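The next block holds one structure in the form of C-alpha cells; read it before the comments.
Read-outs: derived from the displayed coordinates by stated rules, not from any lab. Remember, predicted model here, so these are calculated numbers, not experimental data. Glycine gets a Cβ as well: all are built from the backbone with ideal geometry, and neighbour counts include every protein chain shown.
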Amino acid sequence: MKDPRFQALAAQLAGYSTALRPGDRVLLELTDIPEEMGIALIREARHAGAMPFLRLNQSRLNREMLSGATEEQYGIIGRHRLAEMEDMDAYIEIRGGGNAFELSSVPQENMAAAMKALNPVSQRRIRHTRWCGLRWPSGGNGPAGIHEHGRV
C-alpha cells in the first residue's frame, strides 16, 4: 500500500526545502530508507523539472568500507564525490538505519581519514547548493518510525 505521507514529504523537500526549478541537477543521497520514499522523491524532482541523480548507501556496507579505510582510498573517493557535487544545484539527503551506533566499531583514525577526505565535498554542498538533510525514523534512532498502520 502506498503511504501518502511519502509523497507529501517528497513534495516538501523538493519544493520548500530546496526550491527545485526546471533544469536543476539534484543529488538524492539515500541511506536505508523505504524504496517508496526514494521513488516519491525522484518523481517530485522530475515534477519540478529537475534532473535527479541518485546515490544509495547502506549503513552496514559503509561501516565495512570505513573499517579498512586508508587515506589514499578516501582521497580518491573524495575527489570523485567532489566532482559529482560540483555538477549539482541541489542536494537532498535522507538517512535511515536501524542502528544509531553502526559506526562505533570503526577505528578513530579511519574515520578521521575519511572525514578529512570528504570535508571538501561537504563544504561544496553547504556553500554552493540548496540542500536539505534529515533522519528517517527507525527503531534504532528514536521512535519506532512509520508503521503500516500509520502510527508512530
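At a glance:
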quantity	calculated
Summed side-chain charge close to L30 - residues other than L30 whose Cβ falls under 11 Å, Lys, Arg +1, Asp, Glu -1	-2
Difference of contour (0.36 nm per residue) and Cα-Cα distance, I77 to E64	3.2 nm
Segment I39-Q108, length gained on full extension (0.36 nm per residue, minus Cα span)	21.3 nm
Surrounding net charge for A117, when Lys and Arg each add one and Asp and Glu each subtract one, Cβ distance under 15 Å	+1
Most positive-pole-ward Cα, L54, L66, L9, against dipole of the chain from beta carbon charges	L9
In nm, spacing of pseudo-spin labels at F53 and H128 (7 Å Cα→C-beta vector)	1.1
Neighbour net charge for G15 - beta-carbon separation under 11 angstrom, K R +1, D E -1	0
Relative packing of 39-47, 121-129, 18-26, which averages over residues the other C-beta atoms within 10 Å, highest first	39-47, 18-26, 121-129
Proportion of all alpha-carbon pairs of the stretch 48-128 beyond 15 Å (%)	63
Average Cα contact separation per residue, the chain, under 8 Å, 6 or more apart, as relative contact order %	27
For the chain, average projected area of the Cα convex hull in nm²	9.0
Magnitude of the charge dipole, the chain, Cβ model with Lys/Arg +1 and Asp/Glu -1, debye to 20	380
Residue-span extension gain [R5 to K116] - 0.36 nm each, minus C-alpha spacing	36.3 nm
Mean residue ellipticity (222 nm) of the chain, computed from DSSP H runs ≥ 4 via -39,500 (n - 2.57), nearest 500	-14500 deg cm²/dmol
